[in-house]
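Peer 1: Encoded as structure tokens, here's the structure I'll be asking about.
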Amino acid sequence: MDVSGFDDMNSVPFEMNDTINRLEMATLAPEDGISADNLTENLDRGWFYPSGYGEFAGGGGTIYSDVYINGTYYGGWGSGQALAIDGQEWGMWTNMQYGGYYKQDGGGNFIPPTPSNDWIMALTDTSAYSDPKVWAVAGNLGGAVGGEWSDRRISGDVAGAWVSINDALTGVLGGQVAGTFDPRGATWEMVAIGGIVETDRFLQMVNGGTPSAADAAVLNALNIPYAEVGRTDLVTTTPDPGFTASAVTMYDTTFFSYSTGAKPRIFASGDVVGTNPSGSPGWTVGLSSSGGTANVTADFTMQQYSGGTWSGTVYGNGSVGGVPLDPAGFEGGAAGLVTPNSAPPIGSRHSGNIDFHGTAAGVVNPPKP
């Protein structure tokens with residue numbers, strides 16, 4: 001992304017230049033009922049307000065935006081929007097974010113930070129008033145953009161995941177971030193833009209590690225990681241004492257990076273099934289790996305279960321491809337349809353009746369400060 005900008009301690013003007021690239025995701029037929037005249041009436045919009053933390057490699061300092069770190073609040077703000085055409089499995093997103101950065105010595109004293117191009121930041125919004133819920137990681141992730149934090153310029157890759165409670169869907173996202181920083185006040189501002197793809201569509205495009213040339217070109221253009229670095233089935237091994245009949249299995253939970261052997265950035269499962277005979281939310285089960293090339297454990301919490309849909313959260317850690325994850329582990333969400341005592345959907349690896357099914361997606365977090 002070509003960025004030119006300047007900043008001022010008081011007014012903080014911000015100017016950007018870039019090129020808009022056209023990327024064809026689908027061809028709509030006349031029977032779809034969507035045209036240039038009614039496009040805006042057929043857009044599904046969602047808003048999110050992320051906050052988060054990050055770091056510069058080599059102990060260069062901590063990056064923050066609207067977040068508590070070790071009990072202390074550090075300011076900032078973020079606002080994003082997701083857009084998709086009704087009935088389509090893809091869309092776009094954009095976000096504006098600002099915050100600051102600092103560095104402390106071993107005694108907790110603030111000292112001058114030393115920013116570097118090797119930076120990373122986690123940005124998340126799982127609040128009740130936002131839809132979609134978003135988990136994202138930005139910075140020097142090894143994608144198409146790389147990383148820059150020098151000469152008052154910021155750039156980086158963005159990889160992430162989302163859950164729409166309203167639509168009972170999950171998906172992944174990719175893109176790029178660009179911005180400026182003020183070394184005098186140790187503040188920064190960024191804008192980001194990219195594409196979103198529903199989990200099922202994303203996994204179809206990945207095609208078990210052998211995407212078509214056309215699908216690989218789209219994923220590369222969207223800057224979504226799709227190189228598989230680990231896979232496992234996550235099965236319930238620790239039931240909730242109050243809901244002993246409730247369980248969930250996340251088949252083929254797959255971790256993806258920007259290149260083979262690199263750190264995983266996102267994960268996804270297109271085959272999440274479970275039992276919940278009580279029909280209640282609010283239970284948590286422990287999940288463990290069963291086979292595959294990832295060895296992880298996770299907690300799954302059923303957050304919402306009503307109106308024919310469900311949604312939950314997933315938090316875990318372990319090793320992927322034989323390499324331990326950072327202590328912050330991975331996190332994300334799951335969602336889908338409630339189907340009491342029914343056969344699993346076509347294509348599921350599960351045998352036996354289930355009460356709900358859907359998909360899951362999330363991110364692998366950087367270390368927390």
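Read the figures in this text as sums done on the coordinates, not as results from a lab. Worth saying up front: this structure is predicted, and the values here are computed from it rather than measured. Note: ideal-geometry Cβ built from the backbone for every residue, glycine included; neighbour counts use all protein chains shown.
Peer 1: Any idea how many residues of the stretch 290-337 are touching a Gly at 6+ places or on another chain (Cβ under 7 Å), of a type in the set (Val, Ile, Thr) and over 18 Å from Gly171 (Cα atoms)?
Peer 2: 5
Peer 1: Among all residue pairs at least 6 apart or on different chains, which show Cβ distances below 8 Å where the first residue, located in the stretch 283-302, is in contact (Cβ under 8 Å) with a residue 60 or more places away in the chain and the second is basic (Lys, Arg)?
Peer 2: As it stands, the answer is Gly292/Arg231; Thr293/Arg231; Ala294/Arg231, since those pairs meet every condition given.
Peer 1: What are the residue pairs meeting all of these: first residue in the stretch 331-350, first residue closer than 21 Å to Asp167 by Cβ, second residue surrounded by 13 or more Cβ atoms within 10 Å (Cβ to Cβ) and among the basic types (Lys, Arg), Cβ atoms under 7 Å, and 6 or more apart or on different chains?
Peer 2: Every condition considered, the pairs that remain are Gly333/Lys133.
Peer 1: Could you check the stretch 222-277 and list, in sequence order, the residues that are assigned to a loop (DSSP other than H, G, I, E, B) and among the aromatic types (Phe, Trp, Tyr)?
Peer 2: Correct list: Tyr226, Tyr258.
Peer 1: State the number of residues belonging to the stretch 108-147 that are assigned to a loop (DSSP other than H, G, I, E, B), surrounded by fewer than 19 Cβ atoms within 10 Å (Cβ to Cβ) and hydrophobic (A, V, I, L, M, F, W, C).
Peer 2: Adding up the residues that qualify gives 2.
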